[in-house]
Amino acid sequence: MNSDVLHWLHAQLGPDIDAANLVSRYERLGSARAVALEVLHERTAALLADPLKVTVNGVVTIDNSANVSALERQAARISAAEAPDDLSPMQGGTLIAVQLHTRARR
């Protein structure tokens, strides 16, 4: 993983995530987009594991449903955006040129 990919991941996921964790995920998954989506899905799953809304009458109300929606929107943006390690159409394939020689005819 190069520094451009690491900076892009920190920009998408926040600076508090450990770089070694990102590097190990990148080696396992092979792309920055897959790493970012995996981290966002883990964050969403952690929020969904607990009740989304908790109310203590007259004291406090905690509502995490907006956070789940924000994480889902961010995952959709990352899926649609271009990651720094994405292959451009020119890099995606191999171009092979075969030179044809004329043969003598009868």
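The values are calculated or read from the model by the stated rules, or taken from the named source; none is laboratory data. Every value quoted in this text rests on a predicted model; they were computed, and no experiment measured them. Because the Cβ atoms are built from the backbone with ideal geometry, glycine has one as well, and the counts that use them run over all protein chains shown.
Computed values, structure above
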quantity	calculated
Scan of the range 85-98 for residues that are at pLDDT below 80 and part of a loop (DSSP other than H, G, I, E, B), ordered by number	87, 88, 93, 94, 95, 96, 97, 98
Residue 82 vs. criteria surrounded by fewer than 11 Cβ atoms within 10 Å (Cβ to Cβ), of a type outside the set (Phe, Trp, Tyr) and assigned to a helix (DSSP H, G or I)	no
Subset of the range 1-19 (residues that are within 18 Å of residue 43 (Cβ to Cβ) and of a type in the set (A, V, I, L, M))	9, 11, 13, 17, 19
